[in-house]
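Just below is one structure, and these are the notes that go with it.
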Amino acid sequence: MVKHIFVTGGVVSSLGKGLTSAAIGLILERRGLKVSLQKLDPYINVDPGTMSPFQHGEVYVTDDGAETDLDLGHYERYTHAKLTKSSNFTTGKIYSTVIAKERRGDYLGRTVQVIPHITDAIKEAIHEGATPGTDVAITEIGGTVGDIESLPFLEAVRQFALEQPRGDVLFIHVTLLPYLRASGEMKTKPTQQSVGKLREIGIQPDILVCRTEKPMTREMAQKISLFCNVRPEAVIEERDVEFSIYEVPVDLCRLGLDKLVARNLGLECERDTDLGDWKEMLENLKSLDKTCEIAVVGKYIQLHDAYKSIYESLSHAGYANRCKVKIRKVSAEDVLVKGTAILEGADGILVPGGFGERGIEGKIQAIRWARENGVPFFGICLGMQCAVIEYARDVLGLEGAHTLEHSPHTPHPVISLMADQAEVDQKGGTMRLGAYDCELRPGTLAHRLYGADHVSERHRHRFEFNNDYRARFEASDMVLSGLNPQRDLVEIVELPEHPFFVGVQFHPEFKSRPLAAHPVFRGFVEAALEHANGGRPSMTVESLA
Ligand code: GLN
C-alpha cells in the first residue's frame with residue numbers, strides 16, 4: 001500500500017514548500033524507502049510552458065517531455081523519483097480532461113460539477129503520480145491556503161485522506177513565523193490563522209514546518225501546538241539556511257522530522273536516515289578555497305528563478321572541481337550598450353536558453369569576446385544557436401547570418417525551423433520536448449567529457465541547426481560533435497582550438513545533481529578554474545585524459 005504525504009503552504013508564497021517536499025523525499029529515500037513526488041498547481045494554464053519567466057521562473061522539462069513547475073527540478077536534484085507528465089497537474093490540465101470527457105458524453109447526461117467531478121479527477125491525478133513500487137507518495141499543493149483557486153485541490157485531498165486506511169495519509173503544513181524587527185519578536189498569529197483556514201476545510205495538519213529567520217523557542221512551539229491542535233514535538237523549525245539549500249534536509253533531520261514522519265505513517269524503514277555523503281558534501285563546501293567566476297549572460301538575470309537549474313548545475317560542477325563558483329549575472333542588453341568591458345575578469349561565459357529577440361545581439365557579442373579571448377564558453381539551447389550565428393557571421397563570412405526565429409528574411413538562416421514545426425499553430429506543448437538521443441563523435445571534447453558514445457538529453461526548442469549549412473561548418477574549425485541519429489540533427493558544436501568552447505542544443509542543466517555534476521558543466525567549470533589560475537593553452541582531449 002502506498003502511503004501519502006500532502007504538503008500545503010500557509011501565510012505567504014515562496015516559503016520553500018518545494019524544497020521542503022524534496023528534502024522530505026530525500027530523507028525517506030535515505031531510510032531505504034522508495035518515494036514519488038508530485039506538484040499540484042492551482043493556476044489555469046494547462047502547463048507553465050506558455051508562461052513568461054517573469055510570471056513563473058524556469059520551466060523544468062522531464063524525460064517524457066512535460067513542461068513543468070521548477071519545483072520538479074528540486075525533486076529530481078534531491079531524490080531518485082522518476083518524474084513524468086503525471087508529476088505536475090494544474091487546474092487547467094484537470095479541467096481539460098473533465099471537459100473532454102463531458103464532450104465525449106462520458107457523464108451520461110449528469111450535471112458536471114466541481115464536487116465530485118473535478119475533485120475526482122484530482123484524486124485520480126494523485127494516484128497516477130505514485131509510480132509503481134512507491135512506498136511514499138509526496139504531493140505538494142501549490143499556492144497558499146486561503147486562495148480561492150486552491151480550494152478544489154484541498155477539498156480533493158481531504159476526500160482522498162478519508163478514502164485511505166487511517167494512518168496512511170500525513171498532512172504537513174509549511175508556514176511562516178514572521179520576525180518583527182521593531183518589537184524584536186516572532187509572531188505566531190499568521191500561522192494560527194492559516195491552520196484555522198485548513199481546519200475549516202476539514203484538514204488537520206499533523207506536522208507544522210515553521211519557516212523562521214530566528215530560532216523558534218520551546219515556548220513558541222508550545223503556543224503554536226496549543227492553538228493549532230498539533231502535538232508540540234510536531235512543530236518543527238525550518239530556519240533560513242546560511243549558505244546552501246542542500247542544508248535543508250540535514251537541518252530537518254537534526255530536528256527529528258525523519259522519525260516523526262516514519263512514526264506518523266507507521267513506516268517500517270530499513271535503516272536510520274543516512275545522510276553521510278550529503279553532510280560530507282556540505283562540510284567540503286564550507287572549506288573550498290579555490291574560486292572561479294562565471295558570467296551568465298542572459299535576458300532574465302534580474303529574476304531569481306529564471307535560470308534556477310543552471311545556477312544549481314554550476315554549483316554542482318564547482319563542488320565536483322572542489323571550487324566555489326561565483327556567478328556574475330550580466331544582462332545581454334548591457335553587453336550591447338556598455339560593451340564587452342563588462343565581461344572582463346570573468347573566467348567563463350555561459351549563455352543560457354531563451355526566446356524572443358531582446359538581448360540576442362548582446363549574447364552574440366559576448367560569445368565573440370569569449371571566442372576571441374580564449375575565455376571558456378558554454379552555450380545552452382539559444383546560447384548554442386547564438387554561437388553558431390556568431391561563427392557563421394564572423395568566421396565563415398556569412399553576412400547577416402541569423403536564426404529564422406528572429407529574422408525571417410535572413411540571407412543565411414543557419415538556425416531554421418524543423419520541418420515538423422512549420423505546420424504547428426498551437427504554442428502550448430508543441431516544441432521538441434523531452435529526451436532525445438545524442439551520438440557523440442569519438443575524439444571530440446564532448447565525447448571525452450561524457451565518456452560515452454551515446455547519451456540522452458532533454459530538449460525544449462523549435463529551431464535547429466540548419467543542415468543546409470552543415471558542409472560549410474564541417475569544412476571549418478567548428479566541430480559538430482554530437483548528432484541525433486534518428487533525425488540527423490546537430491546537437492553539439494565545439495571549437496577544438498579553444499580552451500573550452502561548447503554549445504549544446506539541449507538542456508543539460510536538468511540532469512545535474514549535487515553529488516553527480518553534469519559532465520559538460522563539470523568540464524566547463526574545470527576550464528574556468530584553469531582560466532582563473534592563469535589558463536593553459538588548450539583543453540585538448542589528451543589533457544583531459
Ligand atoms: N528559442 C529557441 C528555439 O525555440 C531556443 C529555445 C531555448 O533556448 N530553450 O529553438
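The values are calculated or read from the model by the stated rules, or taken from the named source; none is laboratory data. The structure presented is a predicted model; accordingly, all values stated were derived computationally and were not measured. No Cβ is skipped: glycine too gets one built from the backbone with ideal geometry, and neighbour counts run over all protein chains shown.
Among residues of region 396-427 being more than 15 Å from Met384 (Cα to Cα) and among the acidic types (Asp, Glu), the one that is farthest from the chain's Cα centre (by Cα) is Glu399.
So which strands (runs of 3 or more DSSP E) are wholly in region 281-362 and hold at least 1 residues that are over 18 Å from Gly383 (Cα atoms)?
Where strands (runs of 3 or more DSSP E) fall fully within region 281-362 and carry at least 1 residues being over 18 Å from Gly383 (Cα atoms), they are 290-298, 323-331.
Any residue in region 410-423 that is more than 16 Å from the ligand (Cβ to nearest atom), buried (at least 19 other Cβ atoms within 10 Å of the Cβ) and modelled with pLDDT of 95 or more? Taking every residue of region 410-423 in turn, at least one turns out to be more than 16 Å from the ligand (Cβ to nearest atom), buried (at least 19 other Cβ atoms within 10 Å of the Cβ) and modelled with pLDDT of 95 or more. Only one entry of Glu372, Glu361 meets the criterion of being more than 22 Å from Tyr311 (Cβ to Cβ) and within 16 Å of the ligand (Cβ to nearest atom), and that entry is Glu361. Taking every residue in region 435-462 that is within 21 Å of Val414 (Cα to Cα) and pairing it with any residue that is of a type in the set (Phe, Trp, Tyr) and crowded, with 22+ Cβ neighbours inside 10 Å, at least 6 positions away or on another chain, the pairs with Cβ-Cβ distances below 8 Å are Cys438/Phe506; His459/Phe506. Only one entry in Gly348, Gly359 is at pLDDT below 95 and touching a strand residue (DSSP E or B) at 6+ places or on another chain (Cβ under 9 Å), namely Gly359. Restricted to region 99-158, and to residues there that are basic (Lys, Arg) and over 14 Å from Phe6 (Cβ atoms), the residue that is surrounded by the most Cβ atoms within 10 Å (Cβ to Cβ) is Lys101. When His402 is tested against (1) within 16 Å of Glu494 (Cα to Cα); (2) crowded, with 22+ Cβ neighbours inside 10 Å; (3) more than 12 Å from the ligand (Cβ to nearest atom), exactly one condition is not met: (1). Each residue in region 316-361 was checked for being over 30 Å from Met51 (Cα atoms) and touching a Ser or Thr at 6+ places or on another chain (Cβ under 8 Å), and 2 pass. Considering only residues of region 77-98 that are within 30 Å of Ser244 (Cα to Cα) and among the small types (Gly, Ala, Ser), which is surrounded by the fewest Cβ atoms within 10 Å (Cβ to Cβ)? Among residues in region 77-98 that are within 30 Å of Ser244 (Cα to Cα) and among the small types (Gly, Ala, Ser), the one surrounded by the fewest Cβ atoms within 10 Å (Cβ to Cβ) is Ser86. Contact annotation: residue pairs with Cβ atoms under 6 Å, 6 or more positions apart or on different chains, pairing a residue in region 149-177 that is within 23 Å of Thr188 (Cα to Cα) with a partner that is among the basic types (Lys, Arg) and outside any helix (DSSP H, G or I), are Leu176/Arg211.
Mind listing whichever residues of region 198-220 are surrounded by 15 or more Cβ atoms within 10 Å (Cβ to Cβ) and closer than 15 Å to Glu185 by Cβ? Selection gives Cys210, Thr212, Met216, Met220.
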